[in-house]
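Contents: one structure, followed by commentary.
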Amino acid sequence: MTSDSASVERVVKEGLDIVVLSEPATGSTAEIITGIGNNLIRFESGGHPVIEPPARLQMLQTEAFAPFQYGMPILFPPNRVHKGRFSYRGRDYGLPINEPPDFHLHGELCKRAWEVVKKGVSDDGGAYVTNRFCYASHPDLMAYFPHSLTFTMTFRLLKGRLYLEGTIVNEGEEESPFAFGLHPYFSLPFHRGGEIILHAPALEEWPVTSQAMVKSLPSQTEFSRSLNEGVSIAEYPELGCSLVSLKEGGTACRIDVPDNAYSILFRIGPEFPYMVLFRPDWSSAYSLEPYTYVTDAFNLPYESERTGARGLMPGETFRFETSMWTEKLG
């Protein structure tokens, strides 16, 4: 399906179905693999790489951790749950240990197949694809998380910007514990040795372990203050991570790449009060992970207003929107 400036098509790569959104006028292309986590596995904007893809798509099927190591995995719950166990509203939950010996990591939505609901192109709405995942259609998931949640998400490419518009609806009869996040791997030229500057609207920094597990309550630090003006991440340690609370209102984070004269911008809304910063050691990328809660919040001894531990009531809908794009620097 095409218009004069955009198109959406289904292609097969390495035996896997990919939905490709293209906008030649802005040099922008997005690829979504709906069969493995509804993952945005590649995005280029203005001729620049934005999202880091896997070297081979088959890795997403053959390697246990690959579905949350590339692209923009969808996380429910985000990050780690100690021993996979927590309690909420008097009910005990036991999630499978997928990072032995101690953790449930990032949930299962990033590995499961999503249903393509619709796709198309319009002059005012760009090229888009809408995909859906229903817990009620997966008895094995319902066995340990018995809540009929439905996730509906639309990727939309318009004027060089890639939007992700989503809703999560509790269609069950009981309140569900709720923790949601995204894990975009922004492709950056760390290997070239130049300066890379990150700007983020940080309010406070949470002390965390190397696995992003919270050690104590947050405070303003030199790092959290400096993020607002811009800090170098060229020497940020591989496998290093930070957790920050964001200023209210939602705004754009920016990564400047001066040697290449462009910036990557990532706008998140107030639905995500927290963000994990993470640099992998398996690719030249850096993650800005927006979360609705801090890591393992349901097991922390702090007030839920501080940690984001919350529920989704029967019939309640959680809505969010993010967008990413590039701009010329200077």
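The values are calculated or read from the model by the stated rules, or taken from the named source; none is laboratory data. Treat the numbers as computed from the prediction; the structure is a model and nothing was measured. In this analysis, Cβ positions are derived from the backbone assuming ideal geometry, glycine residues included, and neighbour counts consider all displayed protein chains. Keep in mind that these areas ignore ligands, DNA and RNA; they rest on the heavy atoms of the full protein, side chains included. Shrake-Rupley method; radii C 1.70, N 1.55, O 1.52, S 1.80 Å.
What the table below lists for this structure:
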quantity	calculated
Placed amide H near Ala234: partners under 5 Å, 5+ positions off or other chain	Ile196
Per DSSP, loop GluC sites (Glu not before Pro) in the range 8-80 with at most 16 further Cβ within 10 Å	Glu14, Glu63
Distance (nanometres) between label positions extended 7 Å along Cα→Cβ at Glu271 and Lys159	2.1
Taking the range 33-121 and dividing mean pair separation by its residue count, relative contact order in percent (alpha carbons under 8 Å, at least six apart)	33
Full-extension gain in nm, Met59 to Lys83, via 0.36 nm per residue minus C-alpha separation	6.0 nm
Cβ-derived FRET efficiency at R0 30 Å, Glu327 paired with Asp124, nearest 0.05	0.85
Nearest-0.05 FRET efficiency for Asn228 and Val117, computed from C-beta distance (R0 41 Å)	0.60
Directionally averaged shadow of the range 273-321, computed from the convex hull of its alpha-carbon atoms, nm²	5.1
Net lengthening on full extension, Arg192/Asn299 (0.36 nm per residue, minus Cα-Cα)	34.4 nm
With every protein chain in place, the chain: carbon and sulfur % of accessible area (1.4 Å)	47
log₁₀ of I(q)/I(0) at q = 0.13, 0.19, 0.26 Å⁻¹ - the range 64-140, Debye sum with one point per alpha carbon	-0.54, -0.92, -1.28
Per residue accessible area of the range 209-330, 1.4 Å probe, in Å²	44
Debye equation applied to the C-alpha atoms of the range 85-207, log10 I(q)/I(0) at 0.16, 0.21 Å⁻¹	-1.06, -1.27
Debye intensity ratio I(q)/I(0), log10, the range 13-117, q values 0.13, 0.15, 0.17 Å⁻¹ (C-alpha model)	-0.55, -0.69, -0.82
Average accessible area per residue (Å²) across the range 37-116 - probe 1.4 Å, nucleic acids and ligands excluded	40
Longest site-free stretch - the chain; sites: trypsin sites (Lys or Arg not before Pro), DSSP loop, at most 12 other Cβ within 10 Å	216-330
Heavy atoms of Ser224 accessible to a 1.4 Å probe, total area in Å² rounded to 10	0
Most to least accessible of Tyr88, Tyr128 (protein chains only, probe 1.4 Å)	Tyr128, Tyr88
Within the range 6-34: backbone nitrogen closer than 18 Å to the Trp282 label point (7 Å, Cα to C-beta)	33
Sites Gln220 and Val11, calculated FRET efficiency, Cβ-Cβ separation with R0 51 Å, nearest 0.05	0.60
